[in-house]
Amino acid sequence: MTVFDILTLICGLAMFLYGMQIMGNSLKKSAGSGLNKFLGKMTSNPIKGFLLGLVVTAIMQSSSATTVMVVGFVNSGTMTLTQSVSVIIGANVGAVATYWLTALSALGSTGASTVTGALEWLKPSSWMPIIAIVGVAILMFSKRSKRRDFASVLLGFSVLMVGMDLMSGAVASLGDDSAFREVIAVINNPVVGITVGTIITAAVQSSAASVGILQTLTQTGTITYGIAIPIIMGQNIGTCITAMLSSIGANKNGRRAALVHLYFNLFGSAILLALYCLIGRIIGGYPFEDMAIGPWAIAAVHSVLKVFYVVLGAAGARLLERAAFISVRESGDDSQTQNLLDERLFKTPSVAVDRAISVTQSMAMLANEAFIKALSVLGSYDGKLADEIRGLEDKGDIYEDTLGTYLVKLSNQNLDDEDHGKISMLLHIIGDLERISDHAVNVVESAEEINDKKVEFSAEAKKELSVLYDAVSEILNKAVSSFIEGDIRLAHDVEPLEEVIDDLCDEIKSRHIVRLQKSECTIEHGFVLADLLTNCERVSDHCSNIAGCLIEVSEYESLDMHSYLGKVKAGGEDFNEKSRVYREKYKIS
């Protein structure tokens, strides 16, 4: 094997890895929200969890990526450790799809020096240019992101297969190389084989690449079943390195999820290797052991071994979880706080966006709770409740800081236009939600002033404020519910109610001035009243912003709030009718 052969082999491996990355990323983008919905069906049912891991891995073409996602889910509290076990087992089986895909490099290989007729089209070198041309044509002439993602899948697959072809050409002469045969003779030991498979897979951090190399080497005719089977077991162990590295910095359950992945493959390989060697000794050796193995057989052996792994994993799922707990023990002084958002999910950006939406929805519920409780403090001051509201506002600040940082980083990932739009929407919404929490504290401060100074509003003022509070409570509930439930119909109800609330605030101010002129109220009442009206009016404005963002992204695929509000303010029968209904509902008698 010459220096040029080695360089060609390295180039082929690089193209293989690059093609796999392009194809995997494009498949994830193509799956998009569909992948999010599928992941949203996480359940404690082991069979559904297994199928979840299997299908997601087949889509993403990487068991490591799926396992890293699982570590992120467990770390953020989205998935329990028990749920993760069956998903991880499924992910290991789903990886087999990739190995059958890379085995396509053997299509059209008949062992003859030439292939003619219909068999000529079975050779990847015959049909791969067509796939590449189709992919390039779509990229050049199509503007739709889904089509361009599909084109990237085609091009990634083309690059992957070209890489396999380069590697095959580079190692073609190894079959007659005496030095290579000596190396193969050393590997022809189960323990050495499993070690080599583990090290190579861990080094390239890709079981697909490791399997691709092995499939390429089989075409030299020197790799037998006896050599390949232990190497394949080692590849299953080596693929765990990515998840183990990603678990650094995770909480205890996150690290345990990575260990479940490791133990599943480590224990499975150890048990199967022991049985393989024991049965071989009993029967005096396997008849196929010295037979040369090919690329398709490598994929088949992987598939068979995965079946045994699943059987062992299903029987010992509790033991895997227990072993993970023993390895990462609980201790009384350890913090078990979960990360709201985990950057490990960036490996699947659409899933990370979905997680950010979920956390923002939690922030929305918190802001709603804080302001509704603040309004209740006005009616009957409670110091403990006031402190609780301040605690909620502090949490709101943490949410905003965490989400803001996460979303900015996420926006730099490989996202489609739809996900970019969602991130822009969330960045707008979290600011409004944080301000609502701030206004809740402002209302609490007004309640404390009323309590400390013994300020007593007139019966008329109390009645007017009660109507306003009801209106603000409704607009807040509508805005938050429309975001959490994705109900755009509720969002369309917000702007008409916001206009009514503005008019209510103006009317209450006018009535206060009349009472002030009659000496029924004092200037001190006016200061407190002005603060309350300002906070209520600002909250309704923030609700309008939230609803406007949802409508713009859903119906206009933009975030031009000035344009949207201009359209709404222009009126229309629906808007005017809703405004009329709300004016009648919140009419001050």
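Counted residue by residue at 0.36 nm each, then reduced by the alpha carbon distance between them, the extension gain from residue 397 to residue 445 reaches 15.5 nm.
Express in nm, to one decimal, how much length is gained between residue 192 and residue 459 on full extension, taking 0.36 nm for each residue of separation and deducting their alpha carbon distance.
87.2 nm
Look at the dipole of the chain built from charges on Cβ: of 328, 7, 426, the Cα furthest out on the positive end belongs to 7. Each label was represented as a point 7 Å from its Cα along the Cα-to-Cβ direction; for residue 203 and residue 507 these points are 7.9 nm apart.
This model, with +1 at the C-beta of Lys and Arg and -1 at the C-beta of Asp and Glu, gives the chain a dipole about its Cα centre of some 2280 debye.
Prolate is the label for the range 380-433, because the ratio a/c of its alpha-carbon gyration tensor axes (a ≥ b ≥ c) is 1.5 or higher and a/b is greater than b/c.
Taking R0 as 25 Å, what FRET efficiency do you get between residue 146 and residue 488 from their Cβ-Cβ distance, rounded to the nearest 0.05?
Details: r = 23 Å, r/R0 = 0.91.
In this case the efficiency is close to 0.65.
Looking at the square roots a ≥ b ≥ c of the eigenvalues of the Cα gyration tensor of the range 195-235, which shape do they give, rounded for a/c under 1.5, prolate if a/b is larger than b/c, or oblate? Mind dumping the intermediate values first?
On the way: a/c = 2.57, a/b = 1.44, b/c = 1.79.
Oblate, since a/c reaches 1.5 and b/c is not below a/b.
Once you reduce the range 438-483 and the range 356-433 to the center of their Cα atoms, the two points are 20 Å from each other. Averaged per residue, the chain has 45 square angstrom of accessible surface, using a 1.4 angstrom probe with ligands and nucleic acids left out. Note on the chain: with neighbouring protein chains present and a 1.4 Å probe, carbon and sulfur make up 60 percent of its accessible heavy-atom surface.
Set against the labelled values (1) 73, 60, 46; (2) 145, 59, 45; (3) 110, 60, 38, Cα extents along the principal axes in Å computed from this structure falls on (3).
Under the simplified labelling scheme, the residue 178-residue 7 pair shows an inter-label distance of 2.8 nm, with each label point 7 Å from Cα along Cα→Cβ. Let me know the shape class of the range 291-426, please: from the alpha-carbon gyration tensor, a ≥ b ≥ c as square roots of the eigenvalues, rounded when a/c is under 1.5, otherwise prolate if a/b is greater than b/c, or oblate. Verdict is oblate for the range 291-426.
Computing FRET efficiency as 1/(1 + (r/R0)^6) for residue 18 and residue 581, where r is the C-beta to C-beta distance and R0 is 60 Å, gives about 0.50.
How long are the three semi-axes of the equivalent ellipsoid of the range 453-530, in whole Å, if each is the root of 5 times an eigenvalue of the C-alpha gyration tensor, listed from largest down? Show your work: numbers first, answer last.
On the way: eigenvalues 203, 30, 13 Å².
The answer is 32, 12, 8 Å, longest axis first.
Screening the chain for whole DSSP H helices with an alpha carbon extent of at least 24 angstrom along the helix axis and a mean Kyte-Doolittle hydropathy of at least 1.6 yields 124-141.
The Cα trace of the range 516-557 gives Rg and Dmax of 17.5, 54 Å, the first to one decimal, the second as a whole number.
Which whole-number percent is the relative contact order of the chain (Cα, under 8 Å, 6+ apart)? Spell out each step's value before the answer.
On the way: 817 pairs, mean separation 82.9, N = 589.
Taking the mean separation of contacting Cα pairs over the length of the chain, I get 14 percent.
Ranking 22, 201, 217 by Cα position along the charge dipole of the chain, where only Lys, Arg, Asp and Glu carry charges on their C-beta atoms, puts 217 farthest toward the positive end. Note on residue 303 and residue 281: the model spin-label points, each 7 Å out from Cα along the C-beta direction, lie 3.3 nm apart. Only helices enter the 222 nm calculation for the chain: every DSSP H run of n ≥ 4 contributes -39,500 (n - 2.57), and dividing by all residues gives -26500 deg cm²/dmol, rounded to 500.
The values are calculated or read from the model by the stated rules, or taken from the named source; none is laboratory data. Everything numeric here is computed off the predicted structure, so don't read it as measured data. Using ideal geometry, Cβ is built from the backbone for each residue, glycine included, and neighbour counts are taken over all protein chains shown. Surface areas here come from the heavy atoms of the whole protein model, side chains and all, with no ligands, DNA or RNA. Shrake-Rupley method; radii C 1.70, N 1.55, O 1.52, S 1.80 Å.
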